Amino acid sequence: MESINQLYKIGYGPSSSHTMGPRKAAARFAASLGSSPARFEVTLYGSLAATGRGHLTDEAILAVLSPVAPTEILWQPDTILPFHTNGMTFRAFNADGNLTGTRTYYSIGGGDIVEEGETRTPGESIYPLTKIQDILKWCEDSGRSYWEYVDTHENPDIWDYLAEVWRVMKAAVERGIEAEGVLPGGLGVRRKAVSYYVHAAGYAESLRSRGLVYAYALAVSEENAAGGEIVTAPTCGSSGIVPAVLYHLHHSKHFSEKRILRALATAGLFGNVVKFNASVSGAEVGCQGEVGVACAMAAAAASQLFGGTPAQIEYSAEMALEHHLGLTCDPVCGLVQIPCIERNAYAAARALDANLYAAYSDGRHSVSFDRIVEVMKQTGHDIPSLYKETALGGLAVIK
């Protein structure tokens, strides 16, 4: 299991799997060539082809390859490569039209890519324990917490990186709170964060608190939809949930920056476990792998901030993921807007509810977080492809 800096990626929206991943693949392919090509040809398959235009997949690839040589994008939504639905094949040709290089990559979620023949993106495995049950036992045996497990195995510079992650998250909230207007893409979706932020001030404390959480999540999600700078947590499409919860608790409960960074470490550990043992790709397992996992991460972070025991933290994350099981990924017109933006707001509030529910308990419960991850993976594989980021089923076909 790799460093959590591979889960928290700083980049530009609207989609980690459809924008950030293809951009990385284009750069990797260009760097692999031994000579300057005369032209490129890129074929997008499955989900990448089905919703790539709405996710700006072609623009992300062209931004890298077009300065090198003319590039043609081919779209094959009905062809799904065996390894993953987010497949793409890059080809380079010389001036005589001869093929000089070809590689196939898969965008597996969270901005990560793997090349054909690889099982996953090469990276150093630094965590000896990859199940929460085992890490929980480590915490209980040692008297330490999840963030300390992260601290034990990461390089010391992880805290500087998390500080930068937190800076970008805060900036996305604050930009989104001030921004107004209609989001790009043609659906005519107006930004709502500023409206929710203003209206929240008129309510009593408990309702004001909920309204602010909504506003913060909307702010980041709208920034993502507009192509702004965000942090994958664990993906672009679910990037509003963790920042909303942490930003709200930082300001309303006055938790210190240091404690926020520790909460980010805990959240990252839970997300990393899901990414390693299952998937955070909406195209592979549906929105349960994006919004569901983000909700679990935020719940774990909140539970730690409020002094939850390791068992209570695990319980809060388990509930948050369990109650998103089966959630489909069916964005209207393939844009990360409807229902994605509202889902971020609801899930941020649900994360706080999961924390509160766990806080009333002793942390003991029937189904472990690891078991829910297994169920989520199987459920995701059982969900028909119509409901996994293809824009061919569910809400996606609403006109």
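Quick look at the values:
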{"item": "Part-to-part distance (alpha-carbon centres) for segment 126-168 and segment 230-265, which is given in Å", "result": "16"}
{"item": "Residue-averaged 222 nm ellipticity for the chain, from DSSP H runs of 4+ at -39500 (n - 2.57), nearest 500", "result": "-15500 deg cm²/dmol"}
{"item": "Residues of segment 14-39 with amide N under 18 Å of a point placed 7 Å along Cα→Cβ from GLU116", "result": "22, 25-34"}
{"item": "Efficiency of FRET between LEU74 and ASN98 - r from beta-carbon atoms, R0 22 angstrom, step 0.05", "result": "0.75"}
{"item": "Segment 186-239: chymotrypsin sites (Phe, Trp or Tyr not before Pro) in DSSP loop, at most 14 other beta carbons within 10 Å", "result": "TYR203"}
{"item": "Net lengthening on full extension, LEU395/LYS131 (0.36 nm per residue, minus Cα-Cα)", "result": "91.6 nm"}
{"item": "Karplus (6.51, -1.76, 1.60) ³J(HN,Hα), θ = phi - 60°, over segment 154-168, in Hz, Gly and Pro reported as x", "result": "8, 5, x, 6, 4, 6, 5, 5, 5, 5, 5, 4, 5, 4, 5"}
{"item": "Prolate/oblate/rounded call for segment 147-264, Cα gyration tensor, a/c under 1.5 rounded", "result": "oblate"}
{"item": "Segment GLU164-LEU33, extension gain: residue separation times 0.36 nm, minus the distance between their alpha carbons", "result": "43.9 nm"}
{"item": "Of THR328, GLN312, VAL285, farthest towards positive along the dipole that unit charges on Lys, Arg, Asp, Glu beta carbons give segment 283-348", "result": "GLN312"}
{"item": "Gain upon complete extension [TYR360, ALA179; 0.36 nm per residue less C-alpha separation]", "result": "61.3 nm"}
{"item": "Cβ charges +1 (Lys, Arg) and -1 (Asp, Glu), total dipole of segment 135-274, debye", "result": "520"}
{"item": "Other-chain or far-sequence residues with amide H under 5 Å of LEU74's (modelled H)", "result": "VAL42, THR43, LEU44"}
{"item": "Most positive-pole-ward Cα, ALA49, MET20, ALA38, against dipole of segment 18-86 from beta carbon charges", "result": "MET20"}
{"item": "Of VAL231, VAL367, VAL168, the one that fluctuates the most in a GNM where the chain has Cα springs shorter than 10 Å", "result": "VAL367"}
{"item": "Of TYR106, TYR360, TYR387, the one that fluctuates the most in a GNM where the chain has Cα springs shorter than 10 Å", "result": "TYR360"}
{"item": "Value in Å of the Kirkwood radius, where the chain supplies the Cα pairs that are averaged", "result": "21.1"}
{"item": "Those Cys residues of the chain for which no other cysteine Cβ falls under 4.7 Å", "result": "CYS139, CYS236, CYS295, CYS333, CYS340"}
{"item": "Accessible area expressed per residue, segment 137-277, with surrounding protein chains retained (probe 1.4 Å, Å²)", "result": "41"}
{"item": "Accessible-area composition of segment 163-254, carbon plus sulfur, in percent [1.4 Å probe]", "result": "51"}
{"item": "Global geometry of segment 49-191, whether rounded, prolate or oblate, following the gyration tensor of its Cα atoms and the 1.5 cut on a/c", "result": "oblate"}
{"item": "Relative contact order for segment 1-144, counting Cα pairs under 8 Å that sit 6 or more residues apart, in percent", "result": "30"}
{"item": "Max mean-square fluctuation residue, GNM over the chain, Cα-Cα springs under 10 Å, options SER107, SER66, SER239", "result": "SER66"}
{"item": "Prolate/oblate/rounded label for segment 258-319 (Cα gyration tensor, a/c 1.5)", "result": "prolate"}
{"item": "Fraction in percent of alpha-carbon pairs per bin - 10 Å, segment 252-398", "result": "13, 40, 32, 13, 2"}
{"item": "Residues of type lysines that LYS253 reaches as a straight line, Cα spacing below 24 Å, ignoring anything fewer than 8 places off in the same chain", "result": "LYS170"}
{"item": "Part-to-part distance (alpha-carbon centres) for segment 14-87 and segment 179-211, which is given in Å", "result": "34"}
{"item": "Loop trypsin sites (Lys or Arg not before Pro), segment 231-288, which have at most 14 other Cβ atoms in a 10 Å radius of their Cβ (DSSP)", "result": "LYS253"}
{"item": "DSSP bridge orientation in the chain - percent antiparallel, rounded to nearest 5", "result": "75"}
{"item": "Highest-first arrangement of 327-334, 11-18, where packing means the average Cβ count within 10 Å", "result": "11-18, 327-334"}
{"item": "Unsatisfied cross-links (Cα-Cα over 30 Å) in the set LYS137/LYS275; LYS9/LYS192; LYS258/LYS377", "result": "LYS258/LYS377"}
{"item": "Amide H contacts of CYS236 (H built 1.01 Å from N, under 5 Å, at least 5 apart or other chain)", "result": "SER16, SER17, GLY110"}
{"item": "Degrees separating the helix 205-225 axis from the principal Cα axis of the chain, which is the longest one", "result": "10"}
{"item": "Rounded percent of accessible protein surface that carbon and sulfur make up, segment 259-375, 1.4 Å probe", "result": "53"}
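The values are calculated or read from the model by the stated rules, or taken from the named source; none is laboratory data. Quick caveat, the model's predicted, so the values are computed rather than measured. Please note: Cβ atoms are built from the backbone with ideal geometry, for glycine as well, and neighbour counts cover all protein chains shown. Quick note on the areas: whole protein, heavy atoms, side chains included, nothing else; ligands and nucleic acids left out. Shrake-Rupley method; radii C 1.70, N 1.55, O 1.52, S 1.80 Å.
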